[in-house]
1. Suppose we keep only residues that are in contact (Cβ under 8 Å) with a residue 60 or more places away in the chain and open to solvent by less than 80 Å² (accessible area, probe 1.4 Å) within segment 13-24. Which one would you say is farthest from Glu137 (Cα to Cα)?
2. Kindly indicate which of Leu149, Leu120, Leu95 is surrounded by 17 or more Cβ atoms within 10 Å (Cβ to Cβ), assigned to a helix (DSSP H, G or I), in contact (Cβ under 8 Å) with a residue 12 or more places away in the chain and among the hydrophobic types (A, V, I, L, M, F, W, C).
3. So Leu71 fits all but one of (1) open to solvent by less than 70 Å² (accessible area, probe 1.4 Å); (2) under 30 Å from Pro103 (Cα atoms); what number is the exception?
4. When you look at Glu27, is it in contact with a Pro (Cβ under 8 Å, 6 or more places away or on another chain), modelled with pLDDT of 95 or more and open to solvent by 30 Å² or more (accessible area, probe 1.4 Å), yes or no?
Amino acid sequence: MFNVETYNGNREQQYELVVKQLKALLEGESNTIANLSNAAALLNQFLDRVNWVGFYLTEGTELVLGPFQGLPACVRIPFGRGVCGTAAKNKETVLVEDVHQFPGHIACDAASQSEIVVPLVKEDGILLGVLDIDSPEKARFDETDRKYLEIFVSALMEYVK
């Protein structure tokens with residue numbers, strides 16, 4: 001059973017705790033969809049000031065909507081288009097302070113103002129998909145978020161195929 005924790009300490013300590021929670025939550029489970037679903041739910045309850053947390057999964061040369069928390073979203077995103085497609089194409093995290101300034105931004109939720117997208121890359125370099133997090137605040141995400149969300153995704157990749 002999952003218990004909601006009080007996240008004390010500085011942001012780094014809080015992120016370290018959520019990574020430990022992720023590992024405990026996913027331990028012993030091999031189903032990718034179940035694990036992505038729980039990862040999205042965990043991040044959604046952990047992060048404040050966000051309006052969408054979820055995954056897009058690779059299918060050919062596009063991303064297809066996967067497990068998420070938030071309003072209904074765009075179903076398919078071509079590689080190279082929008083923030084998610086750019087992160088997928090380059091296999092690099094993309095942090096955007098103001099989505100309205102990002103060329104080709106795809107507005108699934110009009111309330112979104114900033115976004116961070118972290119690619120899910122297997123050890124063999126194959127892209128499984130991306131973790132996408134949106135906020136209704138401009139400049140919600142920073143380098144601390146980037147660092148620890150990349151650590152979170154690295155831990156998650158131990159539990160997905």
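1. This residue is Leu22.
2. Leu149 is the lone residue from the list that is surrounded by 17 or more Cβ atoms within 10 Å (Cβ to Cβ), assigned to a helix (DSSP H, G or I), in contact (Cβ under 8 Å) with a residue 12 or more places away in the chain and among the hydrophobic types (A, V, I, L, M, F, W, C).
3. (1)
4. no
Here's the yes/no breakdown for (1) touching a strand residue (DSSP E or B) at 6+ places or on another chain (Cβ under 7 Å); (2) assigned to a strand (DSSP E or B); (3) surrounded by fewer than 22 Cβ atoms within 10 Å (Cβ to Cβ):
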{"residue": "Gln45", "(1), (2), (3)": "no, no, yes"}
{"residue": "Tyr56", "(1), (2), (3)": "yes, yes, no"}
{"residue": "Gly104", "(1), (2), (3)": "no, no, yes"}
{"residue": "Asp109", "(1), (2), (3)": "yes, no, yes"}
{"residue": "Glu115", "(1), (2), (3)": "yes, yes, no"}
{"residue": "Gly125", "(1), (2), (3)": "no, no, yes"}
{"residue": "Leu128", "(1), (2), (3)": "yes, yes, yes"}
{"residue": "Leu131", "(1), (2), (3)": "yes, yes, no"}
{"residue": "Asp134", "(1), (2), (3)": "yes, yes, no"}
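The values are calculated or read from the model by the stated rules, or taken from the named source; none is laboratory data. None of the values given here were measured: they were computed from a predicted structure. When we count neighbours, we look across all protein chains shown, and the Cβ atoms used for this are built from the backbone with ideal geometry, even at glycine. Areas reflect the complete protein model, heavy atoms only, side chains present, ligands, DNA and RNA absent. Shrake-Rupley method; radii C 1.70, N 1.55, O 1.52, S 1.80 Å.
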